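No value in this document is a laboratory result; all are computed from the given coordinates. Since we're looking at a predicted model, the values are computed, not measured. Here the Cβ positions follow ideal geometry from the backbone for every residue, glycine too, while neighbour counts run over all protein chains shown.
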Amino acid sequence: DAGITQSPRHKVTETGTPVTLRCHQTENHRYMYWYRQDPGHGLRLIHYSYGVKDTDKGEVSDGYSVSRSKTEDFLLTLESATSSQTSVYFCAINQGSNTIYFGEGSWLTVV
Amino acid sequence: QKEVEQDPGPLSVPEGAIVSLNCTYSNSAFQYFMWYRQYSRKGPELLMYTYSSGNKEDGRFTAQVDKSSKYISLFIRDSQPSDSATYLCAMNTGNQFYFGTGTSLTVIP
C-alpha cells in the first residue's frame, strides 16, 4: 500500500465547468505526478511536482493546472472541462527508489 | 517514434502456459526498468523492477533486460487465470518515467 488516496473516484460533469481532483499521500514524498490513461495512448504525464509550490508540465498539460500547497496534497484542476478530457486520471508518487506507485484512479466523464 | 514501444496484444493463453511480454526502447539513458500489472478499473501495481542487464526472478515472474539491444521482457511461468490483466513496461531517467501502452493478457482456465 503506497498510501495514496484519490478523490473523487468517480465524477460526471458538464462541459465548461471546472473540476478539481485531489491526490493525498500519507508520507512525505517529494515527487508527485498526475497521469491520464486512454486506450491506445497508455499513460501520459499531465503535470508533476517536485516539492511544495514546485510544479512542471508534462506532455499533455494544456487545459490542466495543478497546485501543491502542502507536501501531502497535489491537486489537478480542469479549468473548463471538455469532452476530450473524459478519461481516467491516476496520481502517482516517487518513493525515491526509481520506481513510482499509483493511486486507484479517478474516473471522469464530461458530458 | 515513441520512447517505449510495447505490443498491445491482446494475448490469450491456456492456463499453465509460459507467457512472454516484451518492450523495446530508444533512449540509452534509461536507468531502471519496471513492470506493472493493471487489473480492470484499478491502478497499475508494481510487479518488479531491475537496473542492470540480465535476469531477475520473483516467484513465477522473471524480468529480463538487454541494454545492448534496448529490449526488456517479462516471463510468467505456469500462468494462472488470476494473471489476466494488462501489463505495462516502464523505465526512467531520474524522476521522469516513460510507459509502454500495455499488453492485455487473458489466461484461459
Scanning region A:58-80 residue by residue, the ones that are in contact with a strand residue (DSSP E or B) (Cβ under 6 Å, 6 or more places away or on another chain) and of a type in the set (Lys, Arg) total 1
Among the residues of region B:39-48, is any small (Gly, Ala, Ser), buried (at least 17 other Cβ atoms within 10 Å of the Cβ), free of Cβ contacts under 8 Å to residues at least 24 places away in the same chain and within 12 Å of chain A (Cβ to nearest Cβ)? yes
When every residue in region B:1-19 that is loosely packed, with under 14 Cβ neighbours inside 10 Å and assigned to a strand (DSSP E or B) is compared, the one farthest from the other protein chains (Cβ to nearest Cβ) is B:14
Among the residues that make up region B:93-100, is at least one of them assigned to a loop (DSSP other than H, G, I, E, B) and either away from chain A (no Cβ under 11 Å) or touching a His at 6+ places or on another chain (Cβ under 8 Å) (or both)? no
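It is to be established whether one or more residues within region B:79-90 are in contact (Cβ under 8 Å) with a residue 60 or more places away in the chain, on the phi > 0 side of the Ramachandran plot and surrounded by 14 or more Cβ atoms within 10 Å (Cβ to Cβ).
No, that holds for no residue.
Let's see how each residue does on (1) under 14 Å from residue A:13 (Cβ atoms); (2) in a strand (DSSP E or B):
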position	(1), (2)
A:61	no, no
A:69	no, yes
A:77	yes, yes
A:81	yes, no
A:88	no, yes
A:92	no, yes
A:97	no, no
A:104	no, no
A:108	yes, yes
